[in-house]
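In what follows, a single structure is set out as structure tokens and then discussed.
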Amino acid sequence: MAAAMAWLRRGACGPARRCGLAAGRSYSGGGAYPSVSLTCPLPGVPKAVFAAAESRERFETRVTVLENGLRVASQNKFGQFCTVGILVNSGSRHEAKYLSGISHFLEKLAFSSTAQFGSKDEILLTLEKHGGICDCQASRDTIMYAVSADARGLDTVVNLLADVTLQPRLSDEEIEMTRMAIRFELEDLNMRPDPEPLLTEMIHAAAFRDNTVGLNRFCPVENTDKIDRDVLHSYLSSYYTPDRMVLAGVGIEHEHLVECARKYLLGVEPVWGSGQGRAVDRSVAQYTGGIIKVEKDMSDVSLGPTPIPELTHIMIGLESCSFLEDDFIPFAVLNMMMGGGGSFSAGGPGKGMFTRLYLNVLNRHHWMYNATSYHHSYEDTGLLCIHASADPKQVREMVEIITREFILMAGTVGEVELERAKTQLKSMLMMNLESRPVIFEDVGRQVLATNTRKLPHELCALISQVKPTDIKRVVTKMLHKKPAVAALGDLTDLPTYEHIQAALSSKDGRLPRLYRLFR
């Protein structure tokens, strides 16, 4: 290294001149300025050795199925920390034979006292020794228990996850605290200025009335006092079985994870016993369409020096497809192409300013406060929705604008806007998969649903193959379904469901005209 530094101080000579560099440059103090070629190796410096993938298989998701049916999936990722968790094929869609709200209770009760750990504090102190944090999330079709911690504490983490999942104490005190937490959450849900979570519940209930993904994800107030340990154990005995679970990990060696799974999750007797519970609900989602309306005074949801004006919120949706179908990728591109957001947003193309709901809706109709596209997809169905907000007096016009956008989806798709949507989707996919917890969830959910995982480059290749004809085909099929409508706020001027359905069946998306004798 000393030789190299001396060579730099002397300036460019010998090999440097042969690389075509001119001398003569100097510092302001008069000293010679070295002209060094970045393409020529420096004398005395060891040749750089670059990291390279030994084999492609080393970086692919590995899956092992244990004797009891539990799947163990892992993904290598360099770094000191790992994310490990257990995903269960269980959620609000499986509660048809039970009291609604059990999954909500289980989410709140997660990481409480177990057979080995006397309290939540003891669990958190155990994780702190390995720099760890924990979380549980319940959705319509999955419950996920996850821990991020130092990879050297993998044995402790898997032991803890197994205990939390299969040996929870569910004490009377913990259940009572959970009831209080759920009641507070339900009150907050109805009071918050952002109605999106409430509208999402409503649109699912309208689209899949009283079945599967249309069942309420949140525990109804009237059920909070009815759900107790016996009800929870009855549900757990049916759905918390090894064949419905995946132990997923990112940032650890697969063999080590399998070894821990065998040690803590093989042949373990759950606290509710090994007796056979009720038959598992394997119902397939039945799309019904329909409307759910909630008249609500939204004038005081956000008081203060700059209150949010009173708005009426509408969400219109149509059935799309499951994430297992080939059409899932064209629908994902379509959702990105529609885009949208709030009326006030800063930024450029990366914020979706060139999406249709910005260009055709928010930029042209200044009185609209929001227009956003959402795509919800499950193992047997899906829902593409547009959420819009405006002053109650302009609800009818707002609904017509949204129905026209649905009809325009089946029209001409520009090559530029399609390429932009595909590039943006690939960019978001790759950026999200930079995060270790996101990789963990992706690995767990894919293996839970399909026993394998499509890697990012495979998904990007599928996105690149989407053509304008694919978009037109999936939209044409979607528009033949009955719409699902959710409406919240002052609904005096809301068009009837029949009129909305007629608009989505027309060529231009316009609502039937209203003729009034007196105005």
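The values are calculated or read from the model by the stated rules, or taken from the named source; none is laboratory data. Note that this is a predicted model, so its numbers are computed, not measured. Because the Cβ atoms are built from the backbone with ideal geometry, glycine has one as well, and the counts that use them run over all protein chains shown. When the accessible area is computed, the model is the full protein with side chains, heavy atoms only, and any ligands, DNA or RNA have been set aside. Shrake-Rupley method; radii C 1.70, N 1.55, O 1.52, S 1.80 Å.
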Of SER119, ALA421, ALA206, whose Cα points farthest to the positive end of the dipole of the chain (charges on the beta-carbon: +1 Lys, Arg; -1 Asp, Glu; origin at the Cα centre)?
ALA421
For the chain, with the dipole built from +1 on Lys and Arg beta-carbon atoms and -1 on Asp and Glu ones, taken about the Cα centre, which of SER505, MET478, LEU455 lies farthest toward the positive end?
LEU455
Tell me the net charge near VAL65. Cut-off is 10 Å between Cβ atoms, VAL65 excluded, with +1 for each Lys or Arg and -1 for each Asp or Glu.
-1
For the pair GLU434/ALA48, report the inter-label distance in nm, with labels modelled 7 Å from Cα in the Cβ direction.
2.1
Say R0 is 51 Å: what FRET efficiency, to the nearest 0.05, do ILE308 and VAL271 get from their beta-carbon distance?
0.60
Over the chain, what is the relative contact order in percent, taking alpha-carbon pairs closer than 8 angstrom and at least six residues apart?
17
Return the percentage of antiparallel bridges among DSSP beta bridges fully within the chain, rounded to the nearest 5 %.
80
Student exercise, the chain dipole from Lys, Arg, Asp, Glu Cβ charges, in Debye to nearest 20:
2500
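Quote to one decimal, in nm, the extra length available between LEU66 and ASP210 on full extension: 0.36 nm per residue of separation minus the C-alpha distance between them.
48.2 nm
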Carbon plus sulfur fraction of accessible area for the chain, probe 1.4 Å, in percent:
54
Mind checking which lysines have their C-alpha under 28 Å from LYS263, skipping anything on the same chain fewer than 8 residues away?
LYS77, LYS108, LYS120, LYS129
I'd like the FRET efficiency for ARG262 and GLU419, computed as 1/(1 + (r/R0)^6) with the beta carbon distance as r and R0 of 51 Å, rounded to 0.05.
0.60
What FRET efficiency comes out for the pair ASP281/ARG513, r = Cβ-Cβ distance, R0 = 51 Å, nearest 0.05?
0.65
Everything considered on the Cα gyration tensor (a ≥ b ≥ c; rounded for a/c under 1.5, else prolate if a/b is larger than b/c, else oblate), the chain must be described as oblate
Label points 7 Å out from Cα along the Cβ direction at GLN116 and ASP243: separation in nm?
2.7
If you plug each phi of region 201-218 into the Karplus form 6.51 cos²θ - 1.76 cosθ + 1.60 with θ = phi - 60°, what whole-Hz ³J(HN,Hα) values come out, in order, with x for Gly and Pro?
4, 5, 5, 5, 5, 6, 6, 10, 4, 6, 8, 6, 5, x, 6, 5, 7, 9
Average Cα contact separation per residue, region 62-265, under 8 Å, 6 or more apart, as relative contact order %
40
Between THR412 and SER322, what is 0.36 nm times their sequence separation minus the Cα-Cα distance? Round to one decimal in nm.
29.9 nm
Quick calc: nm separation of the 7 Å Cα→Cβ label points for ALA96 and SER506 -> 3.7
Could you list the residues of region 350-387 with an amide nitrogen less than 16 Å from a label point located 7 Å from the Cα of ARG192 in the Cα-to-C-beta direction?
none
In Å², and per residue, what accessible area does region 328-469 have when probed at 1.4 Å with the other protein chains present?
43
Please work out the C-alpha center-to-center distance from region 153-232 to region 475-499 and express it in whole Å.
29
Return one whole number: the accessible area per residue of region 146-234 in Å², for a 1.4 Å probe.
42
Neighbourhood charge, 14 Å Cβ-Cβ cut-off, centred on CYS134 and excluding it, Lys, Arg +1 and Asp, Glu -1:
-4
Projected onto the charge dipole of the chain (unit charges on the beta-carbon of Lys, Arg, Asp and Glu, signs +1, +1, -1, -1), the Cα from LEU247, THR61, ALA279 with the largest positive-side position is that of THR61
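May I ask you to compute the full-extension gain from LYS129 to THR469, defined as 0.36 nm times their residue separation minus their alpha-carbon distance, rounded to one decimal in nm? All intermediate terms of the calculation are to be shown ahead of the outcome.
Values: separation 340, 0.36 × 340 = 122.40 nm, distance 5.54 nm.
Net length gain for the segment: 116.9 nm.
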Cα-based count: Lys pairs in region 290-505 below 19 Å, eight or more positions apart or different chains?
13
What is the sum of charges around ALA502, taking Lys and Arg as +1, Asp and Glu as -1, for the other residues whose C-beta is under 15 Å from the C-beta of ALA502?
+4
Considering the zone a paramagnetic label at ASN76 would reach in this model (a point 7 Å from Cα along the Cα-to-Cβ line), which residues of region 411-440 have amide N under 19 Å from it?
434-437, 439-440
Tell me, what is the percent relative contact order of region 94-207, built from C-alpha pairs under 8 Å that lie six or more residues apart?
26
